[in-house]
Amino acid sequence: MPFKIKTLLWLAVAFLSVSLSGCSLKDKPRQHFLWKISDQNSSVYILGSIHFADKTFYPLDSVIVNAFDRSDELAVEIDVSDSSVYQKSVLLSSLLGKLDDDKTLDMFLPEEALYSLDSLCLAWSIPVDFFSGYKPWAAAMTLSSIANQRAGLDARLGIDLYFLTMARKMKKKIISLETVELQVKLFTGMDIPDSIGVFAMKNMIKDIALLDSSIAKFKLAWKTGNDSLLAYAANMGADRFNHEDSLMHEFMYDKILYSRNDRMADSVSKFLDENRNVFVVVGAAHLTGHKKNVIDILRRKGLSVERL
């Protein structure tokens, strides 16, 4: 069964889900994961998306909807509503995410992780050999997607897909900030060492036990615009990591987030240079936390940044 790019896109969100305590949301002004970026002549809106969501996210706040309505174009990571893009992503994912015929996942994972994975498969009524042909990184991404779907989240209700649907209805131009090839390579682990994939898989298996609680907190953070939860989540589980694991954790984030943020910020700057009225939607993880996030990059470019 080939895994689909719409499910792989959940990776950044899954790794951001953390269990926090003692974080009060009371007495804080309502804000959103929405920014207005401006130069002397024009403005661009940029919204942090949740790629997998549920019906409780809707209807969206009027501040977000009005910003979209005022925009002439929509820019997303890739246009997953385009059937040709979807078909290409499925084909590439099935090709690039699989191991060579003479290899299986159990050659990479330690015995304890394999035992836990088999137990999950049995509990979820999935064939125990379902993951055997996947590369370690692709297996981790697929496991994450299945876990989140079982928790009640749905790619069809994702924030980016909502705006893609609306843009098509309103005949707004849709722009892809990235190529299908780039995203599939990232999320199938083409440029990621197997050791990082094994690290991701082991930690994904451990974190699934806390997934329901983590997702509930993450949903609350997005709905209330509390980016401190997202920022803290950038170091998810770091307290349990030794030095080697911390290096792997940083490498992983650099590959799936930081390495892409400069290009996203450059696209926003180009829209402003061309005086284009664009509503940009990218994963919320790209917009908060570490100083390498898109918003801070845009500030360093000297642009006006307003949180809405």
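The values are calculated or read from the model by the stated rules, or taken from the named source; none is laboratory data. Keep in mind that this is a model prediction, so the values were computed, not measured. Glycine gets a Cβ as well: all are built from the backbone with ideal geometry, and neighbour counts include every protein chain shown.
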| said: So in the stretch 285-306, with the set limited to residues that are assigned to a helix (DSSP H, G or I) and in contact with a helix residue (DSSP H, G or I) (Cβ under 6 Å, 6 or more places away or on another chain), which one is modelled with the lowest pLDDT? | reply: Ala285
| query | Can we say Ser145 is more than 30 Å from Phe271 (Cα to Cα), of a type outside the set (A, V, I, L, M, F, W, C), touching a residue at least 40 places away in the same chain (Cβ under 8 Å) and surrounded by 22 or more Cβ atoms within 10 Å (Cβ to Cβ)? | reply | yes
| task | Could you please tell me which pairs satisfy a Cβ distance under 6 Å, a separation of 6+ or placement on different chains, a first residue in the stretch 35-48 that is more than 16 Å from Asp273 (Cβ to Cβ) and assigned to a strand (DSSP E or B), and a second residue that is at pLDDT below 95 and among the aromatic types (Phe, Trp, Tyr)? | result | Gly48/Phe33
| remark: Pairs returned, first residue in the stretch 190-215 that is at negative phi, second residue that is of a type in the set (Asp, Glu) and in a helix (DSSP H, G or I), beta-carbon separation under 8 angstrom, 6 or more apart or interchain, are Phe199/Asp245; Ser214/Asp207
| note | Residue count, the stretch 103-130, condition assigned to a loop (DSSP other than H, G, I, E, B) and touching a residue at least 40 places away in the same chain (Cβ under 8 Å), comes to 4
| query | Limited to the stretch 73-99, what total is found for residues that are over 30 Å from Ser267 (Cβ atoms) and either small (Gly, Ala, Ser) or at pLDDT below 90 (or both)? | reply | 0
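Condition check ((1) under 27 Å from Leu109 (Cβ atoms); (2) of a type outside the set (Phe, Trp, Tyr); (3) in a helix (DSSP H, G or I)) across all residues:
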{"site": "Thr165", "(1), (2), (3)": "no, yes, yes"}
{"site": "Arg168", "(1), (2), (3)": "no, yes, yes"}
{"site": "Glu178", "(1), (2), (3)": "no, yes, no"}
{"site": "Lys185", "(1), (2), (3)": "yes, yes, yes"}
{"site": "Gly197", "(1), (2), (3)": "yes, yes, yes"}
{"site": "Ala200", "(1), (2), (3)": "yes, yes, yes"}
{"site": "Ala216", "(1), (2), (3)": "no, yes, yes"}
| said: Given (1) within 21 Å of Phe52 (Cβ to Cβ); (2) over 18 Å from the mean Cα position of the chain (by Cα), identify the lone condition not met by Ala139. | reply: (2)
